[in-house]
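Below is one structure; the comments refer to it alone.
The values are calculated or read from the model by the stated rules, or taken from the named source; none is laboratory data. From a predicted model like this one, the values you see are computed outputs, not experimental measurements. Every residue, glycine among them, receives a Cβ derived from its backbone with ideal geometry; neighbour counts consider all protein chains shown.
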Amino acid sequence: MNGGLAHEWFIEHRQAFVGRHLEEDEERVFGEHLRGCGECRDAVAALERELGWLGMGVRPVAPRPGFTREISDAVLRPAPAPWRQWAPLAAAAGLTLVLGLGWRGAQRRAAGLEAELASSQARLEAVEDTLSVVRRASRVFHASVKMHEHVGTLTILDDPVTHRWQVIVAGLPPAPPGERYQFWFITEDGMVRGAEVSPAGDNAAKMTRGMPPKGGAVLGAALTMETASDSVGPPKGMELAHLMLES
Amino acid sequence: MTPSRQPRSAAGPLTLERGGSFRARLIARDERALVELIDHATPWLLGMTQSLLHDADEAEEIVLDCFRQAWDQADRIPPEESALVPWLMRVARNRAIDRLRSRRRRQLRHERAHHVGALGGDSAGASLPDESALPGWHVHDTVHAALRELPDDQRSTVELAYFGGLTHSEIAERLAVPIGTVKSRLNRAYDRLRGALAHLKEWV
């Protein structure tokens with residue numbers, strides 16, 4: 001450990017060790033000695049502090065412009081490790097691959113979403129149209145509807161601006177098999193077929209209807225139960241409700 | 001070689017403490033403390049490293065590494081090292097000497113040591129427009145005052161050894177004196193310098 005040297009040699013050369021004046025092999029031996037000699041270690045540490053200011057004897061050198069800023073940036077915000085510099089590129093490549101693979105599926109999903117959006121927009125427009133009829137309605141007609149033991153209602157809201165009706169049929173059970181509810185306009189020329197109505201208990205049937213293009217002035221409305229196959233001609237089934245506008 | 005400047009009390013001292021020692025502030029991750037330390041110590045560290053290496057790029061690398069070590073390992077700096085500037089100077093000097101030795105350019109070093117201007121003469125780097133205003137200049141003056149008090153043979157030996165980075169044998173060869181003479185001159189010189197610089201321990 002001492003390279004065959006007596007402790008006195010290390011004591012004598014402490015300052016030379018601190019000053020880095022020993023030959024390289026001597027310095028190596030001294031360093032090995034320090035690891036096992038607390039006395040020399042403490043003495044060397046004290047000498048380093050005592051001679052520490054000697055370095056201030058050098059002539060100062062002006063740092064080039066920006067160098068001190070470079071130091072603080074490099075120390076406080078060190079550059080990322082090399083692999084980290086490539087990480088964004090790798091992530092971007094991976095993302096591109098994933099996007100590429102998912103592109104077709106995304107396209108299909110996009111097409112489905114577009115159709116769903118169009119349908120929702122149509123439904124929304126229909127609701128808005130219905131509400132506009134309801135808001136503008138200046139007259140409301142109401143009649144009871146009897147269907148066996150059930151008693152429901154037929155309500156008509158008349159929009160004088162667009163000449164349309166909001167027709168609401170509520171409180172009736174679904175039509176029996178082979179039959180259907182049929183809404184009628186009562187005109188000066190007779191009964192004009194309106195539309196099939198499909199109430200279902202608590203779920204009222206609602207529809208917005210314009211006035212029939214023929215048949216003359218509309219005088220009232222009726223609801224009948226027709227056979228499912230009977231879709232043309234005058235009513236043949238049982239009348240469930242009947243109301244006149246002037247009544 | 002020996003500077004003619006006299007100590008100036010007007011020069012800024014290295015008393016940079018603000019809410020604790022620099023070491024404590026660095027441990028507390030006070031970035032402002034690091035920036036202040038860089039501003040004040042960099043000219044001196046560059047002076048040390050360039051005087052030894054005569055290479056501005058290598059000198060800058062070492063200075064940067066010194067500050068990085070101070071920041072990353074502040075908690076490992078011994079508490080006795082409350083004065084960070086001499087600690088930094090020692091780290092820089094040791095690194096520069098290590099680099100010199102790793103180059104194995106002893107012959108070149110001999111030649112360059114002949115032109116060492118570290119003590120106020122030639123300099124490998126740009127000089128400062130007003131050196132006396134530099135923080136720490138009064139320490140520089142104090143060191144030179146202490147060096148001036150040395151006998152000529154001791155002073156020239158210290159210059160080659162400490163500021164030139166030469167070993168005993170290299171100095172002996174350079175001055176054409178026995179190696180024992182070099183050792184005794186250096187020991188006596190260091191003994192005197194330690195006494196002359198002892199009061200600087202009170203400074204940061």
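Brief remarks on what is shown
- Filtering the range A:51-65 to residues that are of a type in the set (A, V, I, L, M) and surrounded by fewer than 24 Cβ atoms within 10 Å (Cβ to Cβ) leaves A:L51, A:A62.
- Residue check, A:A62 more than 7 Å from chain B (Cβ to nearest Cβ), without any contact (Cβ under 8 Å) to a residue 12 or more places away in the chain and closer than 19 Å to B:M89 by Cβ: no
- Within the range B:164-184, the residues that satisfy the criterion of being under 14 Å from A:H13 (Cβ atoms) and crowded, with 18+ Cβ neighbours inside 10 Å are B:T167, B:H168, B:V182, B:K183.
- Among the criteria (1) exposed (fewer than 14 other Cβ atoms within 10 Å of the Cβ); (2) facing chain B (nearest Cβ under 7 Å), the one A:E48 does not fulfil is (1).
- Scanning the range A:131-177 for residues that are among the β-branched types (V, I, T) and buried (at least 17 other Cβ atoms within 10 Å of the Cβ) turns up A:V133, A:V145, A:T155, A:I156, A:V167, A:I168, A:V169.
- Of the helices (runs of 4 or more DSSP H) lying entirely inside the range B:141-204, those containing at least 3 residues that are of a type in the set (V, I, T) span B:179-197.
- Within the range A:1-42, tally of residues that are within 14 Å of chain B (Cβ to nearest Cβ) and not hydrophobic (A, V, I, L, M, F, W, C): 17
- Where A:P65 falls short, out of the listed (1) assigned to a helix (DSSP H, G or I); (2) in the same structural domain as A:V18 (by TED's automatic domain parsing): (1)
- Meets criteria (farther than 30 Å from A:W184 by Cα and either assigned to a helix (DSSP H, G or I) or at pLDDT 85 or above (or both)) for A:L154: no
- Residue check for A:A91: at pLDDT below 90, over 17 Å from B:E36 (Cβ atoms) and either assigned to a helix (DSSP H, G or I) or among the acidic types (D, E) (or both): yes
- Every residue from the range A:34-69 that is more than 24 Å from B:G165 (Cβ to Cβ) and either in contact with a Pro (Cβ under 9 Å, 6 or more places away or on another chain) or small (G, A, S) (or both): A:G36, A:G38, A:G66
- Qualifying residue in the range B:42-52 (condition: surrounded by 24 or more Cβ atoms within 10 Å (Cβ to Cβ), more than 10 Å from every other protein chain (Cβ to nearest Cβ) and within 18 Å of the chain's Cα centre (by Cα)): no
- Scanning the range B:111-162 for residues that are at pLDDT 70 or above and hydrophobic (A, V, I, L, M, F, W, C) turns up B:A133, B:L134, B:W137, B:V139, B:V143, B:A145, B:A146, B:L147, B:L150, B:V158, B:L160, B:A161.
- Residue among A:T162, A:T187 that alone is polar (S, T, N, Q), farther than 16 Å from A:M238 by Cβ and at pLDDT below 85: A:T162
- Within the range A:234-247, being in a loop (DSSP other than H, G, I, E, B) and in contact (Cβ under 8 Å) with a residue 24 or more places away in the chain holds for A:P234, A:P235, A:G237, A:L245, A:E246, A:S247.
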